[in-house]
């Protein structure tokens, strides 16, 4: 019974440790699949939307300056749509990063994410505002027909957009670094879980084998001695004695046939 209890306790400890480790790995995988990777994708798409918006702005300029047509309204609609899509991607990335920060607040592993979020807020709130102001100025200049002023404003728009995209590229690169670091940590944790489970299973097997050998030896030796005493009596040797080594049923049986 004692051996059975020890093995059951060891198995229970193995199961609890394995379950806790599996839950931890599951949480880390959840962070990767629902936090880091989608946020990285949102930032990448925000860069794409910024480039697409710049292309639509160029089309507006060309249509206004070089070959006026009735398509400017449709182009402006696409331009505004790309701007809304850009804002949507940024807001989605903000929300995901904020969720990661809240989820990891208990562990204190949030400093890098907080800095990343602050940089993203600064890039959007500052650079994006300046870019939008200059775009509005450019659109107003297009109605004046001042080609020189339009060229200067377009140059400033390009510079501001490049600045914004550069900041987003840097943020996205740092996000990728965090993603890879978390993925490596998850892989290491999985390896530790596997090693711990294998070690505890091996330990349980060794202890079970050792205990079984001890028990079998403790049972078979008295029985063997009792058998030898019985054979001696059968052979007519009534001067021998079988030592009593236990108080269990075998010990009582040995006591009952002592001579």
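The values are calculated or read from the model by the stated rules, or taken from the named source; none is laboratory data. Just so it is clear, the structure is predicted and the values come from calculations on it, not from any experiment. Note that each Cβ is placed from the backbone with ideal geometry, even for glycine, and that neighbours are counted across all protein chains shown.
The table below lists the values:
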quantity: Top-ranked residue of segment 40-72 - restricted to ones that are surrounded by 18 or more Cβ atoms within 10 Å (Cβ to Cβ) and modelled with pLDDT under 85, ranked as nearest to residue 151 (Cα to Cα); calculated: 64
quantity: Filter result (in contact (Cβ under 8 Å) with a residue 40 or more places away in the chain and more than 12 Å from residue 182 (Cβ to Cβ)) within segment 35-51; calculated: 38, 42, 43, 44, 45, 46, 47, 49, 50, 51
quantity: Among (1) over 30 Å from residue 141 (Cα atoms); (2) modelled with pLDDT of 90 or more; (3) loosely packed, with under 15 Cβ neighbours inside 10 Å, the one test that residue 92 misses; calculated: (3)
quantity: Only listed residue being under 46 Å from the mean Cα position of the chain (by Cα), closer than 16 Å to residue 48 by Cβ and buried (at least 17 other Cβ atoms within 10 Å of the Cβ), chosen from 164, 160, 154; calculated: 164
quantity: Residue that is surrounded by 18 or more Cβ atoms within 10 Å (Cβ to Cβ) and modelled with pLDDT under 90, where the choices are 37, 8, 75; calculated: 75
quantity: Count - residues of segment 63-76 that are in contact with a helix residue (DSSP H, G or I) (Cβ under 9 Å, 6 or more places away or on another chain) and either closer than 22 Å to residue 162 by Cβ or in a helix (DSSP H, G or I) (or both); calculated: 6
quantity: Residue identified as in contact (Cβ under 8 Å) with a residue 12 or more places away in the chain, in a helix (DSSP H, G or I) and over 34 Å from the mean Cα position of the chain (by Cα) among 7, 57; calculated: 57
quantity: Matching entry among 122, 93, 149 (being under 25 Å from residue 34 (Cα atoms), without any contact (Cβ under 8 Å) to a residue 60 or more places away in the chain, in a helix (DSSP H, G or I) and touching a helix residue (DSSP H, G or I) at 6+ places or on another chain (Cβ under 6 Å)); calculated: 93
quantity: The listed residue being in contact with a helix residue (DSSP H, G or I) (Cβ under 6 Å, 6 or more places away or on another chain) and in contact (Cβ under 8 Å) with a residue 40 or more places away in the chain, out of 139, 160, 113, 131; calculated: 113
